[in-house]
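The values are calculated or read from the model by the stated rules, or taken from the named source; none is laboratory data. Bear in mind the structure is a predicted one, so any value in this text is a computation, not a measurement. Note: ideal-geometry Cβ built from the backbone for every residue, glycine included; neighbour counts use all protein chains shown.
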Amino acid sequence: MSIEDIKQQQEKWENSVQKTLEKHPERKTFEEKRLYTPTDIENLDYIEDIGFPGEYPYTRGVQPTMYRGRLWTMRQYAGFATAEESNKRYKYLLEQGQTGLSCAFDLPTQIGYDSDDPISEGEVGKVGVAIDSLRDMEILFDGIDLSKVSTSMTINAPASVLLAMYIAVAEKQGNPSTSLSGTIQNDILKEYAARGTYIFPPKPSMRLITDIFAYCSKNVPLWNTISISGYHIREAGSTASQEIAFTIADGIAYVKAAIKAGLDVDTFAGRLSFFWNAHNNVLEEVGKFRAARRIWARIMKEKFNAKSSKSMKLRFHTQTAGSMLTAQQPDNNIVRVTLQTVAAVLGGTQSLHTNSRDEALALPTEESVRTALRTQQIVAYESGLADVIDPLAGSYYVEAITDKIEKEALEYIDKIEKMGGAVEAIEAGYIQKEIQDSAYKWQKEVENNDRIIVGVNKFQIEEPPVKNLLRIDASAGELQKEKLAKLRAERDNEAVKISLEELRSACSDENVNLMPVILKCVKTYATLGEICRVMRDVFGEYEPHTNI
Amino acid sequence: MKKIKVIVAKPGLDGHDRGAKVIARALRDAGFEVIYTGIRQTPEDIAIIAQEEDADVIAMSLLSGAHNTLFPKVVELLKEKGLGDRLVVGGGVIPESDIPFLKEKGVKAIFTPGSKTEELINFIKENVKCDEE
C-alpha cells in the first residue's frame, strides 16, 4: 500500500471519528495528535536518521549490543553528614549490588568553602558529605578499591580540587591515575543557568574545565572529564526539548573552548558525557534521549569535524526527576520512579540513579534507597525491557516525537549560536528566562487542574506526617570544625603555604595547566576552602543574572 | 492603597530557586510589589534588604535542610532592626516535624511541596500588617 493510500484511508477515518467526537468529546485538549501512522514518518530515512546501535548517528544507542552485553551502571547518588557516615552508606550500597559510586557533596564543599567558614553555618553535611581536605577524602573511600569501582562526583566549580583529591587517595592505595574510571560533573554553564553552585566568572571557569580535559587525556584517560547536564535545567522547570537544547548548546561551548585552547577534538571529545533527567511522560522521554544522541553525533561530525566515532557518541547518565516526586502519599513515588526508570532504559542510558520515595521530604533513608535500587534491578532482570535493543524504534509515534524534539531543540541551538553561544545566552539571561517561563506555565497548569498530579490536585487523602525521615543534625558541622582544627595543627603549614603561593602565580598565567598545581596543593593537605580562596582572589567571583 | 511589598529571599547556599521564582511571579501577578533577592543570601543580607525596602513580608525559600538555622536567624535580625512586626513565611523541603519549632521562632507559616501559590497569596492578604490608609 502506498503512502497516498494510507493518507486517504486516514482522512476517512478522521472523518468518522468526528461523529464519535460529537457524542463523546475527548477528555481534554491534547498536545499530541490523536494517532500516528506511517504518514508521520514518511520523510524518515532509516539508514540516515535511525541506523544501527553503535553506529552513526547512534539514534538506537551507542553500543552495538546495549544491555544484552552489560546492563547500565546502577549508581545511587549518595552522601551526607561526614565522610565516616557516607563511607558506611557507600559500602552498604555496594553490598546491595550497586555497581558504581556517586558522591553527593554538601553545599559548602560545592561552593569551595570549608566547614568552619561562617558562611557554611547550618549547611555542613546537609545535602551531601562535607569534604574539607584530602584527609576527609581518605576516610570517604576507606576500604573501597578505587581501581575496582567507577565513581561519579557531583562537583562543578571546584571539580579540579576534588578530582585531585581522588587521584591522591588512589595513589595512596597503590592505584595509578591511569587505572581510575569515573566522572566529574564539571559543568559550570548549567550552574549559572539553573543549579547555582558557581564560584568564578565564565572565563577562568572555562579555563579550569579545559585544563582538566587536557590533563586527563594524558593522565586519567578513562575518566569522564565532564557530565554536561540537562538534569538540573529540567528540574528548574524546562521542557524536554529545552533540556536537551540548552545542554547541547553548553556542550558546543565546551568543545569550542577546548579547541580554542589548542586541543584536538578527538583527544578529548570521547570523554565528554551527558546527564539527563527522566520524567513521567515515558514516550516523550524516550524520544528525547534518542533525539539528543542524533543531534550530538551530527554536530560533532559536521560542525567540529570529529573523526573518531567515540567523539560522536553521546553517552549519558540519567537520574529520575526529583521535581516529580510528591510529598503527599510518598509511596506513589515508587510508581513514578518505575515509569521514569522504564523511560531511561528504553532511551538507552549508560547509568541510572533512581530517586527514593521520601525525597520530597528529606534525604532518603537506607530502606527507601534500597527500594529505589531494587526498582532498577526489577526493570533490569524481570521486565524484559533490557533484552532487545531500542525496542520502540519504528513506532510511528516514537519516531515522530524523536523528530519533533530534535527539531525544537535545533531551533533553540541555532538561536543560541546566533547570540554568540551558550555563555553569551546565559549572560544575557535568555536561557534562565526560557526555563522560568516553562516552570511558571507548569505551575499554573497544576493549579488550574489542567495537569493532574495524583495525590496533589486529585485523589488527595488526609494523611499523618511521614515518620522515619533521615535527619542530619548539627553534629556534622561541629565534627568537621574539630577535624579541621586538628588538621591545621598537624600538617606541615609551611608546605601548604608554598603550594598555595605556587597556585596563585599559576592562576595568573594562562599557559600553565592548573591540575598538577592543584594536585600538589591537596597533597600538602591544603583545604578546599584555602585552595578556592586563592582562586577567588585571582579570578574573582561570578555575578549572577537575577531577573524574574 | 499602597501595594503590599514582599521580599522573596533565598538564604544560605542553596541554589534551587525554581520555587522562589515561581512564587515571585505569582505574587506579582496577584498585585503585590515583589523583590527577589537571588540565591546565596546571608541572613544579614536579607534583613538589610527588608529594611532598605521597608518590606511588609519576607518570604524565604530553602531546600537544603538549613532552615532551622537560617530562618530563625533572619527573624532575629529583623527584630534587631525594628522590623519585628513584618510577616515572615517560609517554604521548601521542610519536614512537618520542624514546623512547630520554626513557628515558635517567629516564622508565621511554612509552605511545603505541593502547596498552591494561591495559599500563600491568601495567607499574606489575611495576615499582613500593612499601614493601609
Elements of type strands (runs of 3 or more DSSP E) in segment B:1-107, at least 2 residues being surrounded by fewer than 23 Cβ atoms within 10 Å (Cβ to Cβ)
B:33-36, B:87-92
Could you look through segment B:4-22, keep only residues that are farther than 19 Å from A:Q443 by Cβ and among the β-branched types (V, I, T), and pick out the one that is farthest from the other protein chains (Cβ to nearest Cβ)?
B:I4
Scan (1) at pLDDT 95 or above; (2) surrounded by fewer than 12 Cβ atoms within 10 Å (Cβ to Cβ); (3) part of a loop (DSSP other than H, G, I, E, B) for the single condition A:K467 breaks and write down its number.
(1)
Only one of (1) in contact (Cβ under 8 Å) with a residue 12 or more places away in the chain; (2) part of a helix (DSSP H, G or I) is not met by A:E510, so which one is it?
(2)
Can you tell me which residues in segment A:359-398 are touching a Pro at 6+ places or on another chain (Cβ under 9 Å) and closer than 18 Å to A:S86 by Cβ?
A:E359, A:A362, A:S368, A:A372
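Among the helices (runs of 4 or more DSSP H) lying completely within segment A:227-290, list those that include at least 2 residues that are buried (at least 24 other Cβ atoms within 10 Å of the Cβ), within 14 Å of chain B (Cβ to nearest Cβ) and touching a residue at least 24 places away in the same chain (Cβ under 8 Å). Before you say what the answer is, go through the steps one by one.
On the way: elements: A:231-235, A:240-260, A:265-268.
Result: A:231-235.
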Residues satisfying the stated conditions in segment A:74-107, i.e. within 11 Å of chain B (Cβ to nearest Cβ) and more than 19 Å from A:E138 (Cβ to Cβ):
A:L107
Within segment A:143-200, track down each residue that is outside any loop (DSSP other than H, G, I, E, B), within 14 Å of chain B (Cβ to nearest Cβ) and in contact with a Phe, Trp or Tyr (Cβ under 7 Å, 6 or more places away or on another chain).
A:I188, A:E191, A:Y192, A:A193
Tell me, which residue of segment A:326-345 that is under 19 Å from the mean Cα position of the chain (by Cα) and crowded, with 22+ Cβ neighbours inside 10 Å is farthest from the other protein chains (Cβ to nearest Cβ)?
A:V345
Here's a check for you: in segment A:346-367, which residue that is free of Cβ contacts under 8 Å to residues at least 40 places away in the same chain and surrounded by 24 or more Cβ atoms within 10 Å (Cβ to Cβ) is nearest to the chain's Cα centre (by Cα)?
A:N355
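Working carefully through the options A:Q98, A:Q110, A:Q63, A:Q76, find the one that is free of Cβ contacts under 8 Å to residues at least 12 places away in the same chain and under 22 Å from the mean Cα position of the chain (by Cα). Full working, then the answer.
Values: A:Q98 fails: free of Cβ contacts under 8 Å to residues at least 12 places away in the same chain; A:Q110 fails: free of Cβ contacts under 8 Å to residues at least 12 places away in the same chain; A:Q76 fails: free of Cβ contacts under 8 Å to residues at least 12 places away in the same chain.
Of the residues listed, the single one that is free of Cβ contacts under 8 Å to residues at least 12 places away in the same chain and under 22 Å from the mean Cα position of the chain (by Cα) is A:Q63.
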Residues to consider are A:A476, A:A495, A:A489; find the one that is at pLDDT below 95 and assigned to a helix (DSSP H, G or I).
A:A476
Search segment A:120-131 for residues that are facing another protein chain (nearest Cβ under 7 Å) and pair each with any residue that is among the aliphatic types (A, V, I, L, M) and in a loop (DSSP other than H, G, I, E, B) when their beta-carbon atoms are under 6 Å apart and the residues are at least 6 apart or on different chains.
A:G122/B:A66; A:E123/B:L13; A:E123/B:A66; A:K126/A:I472; A:K126/B:A66
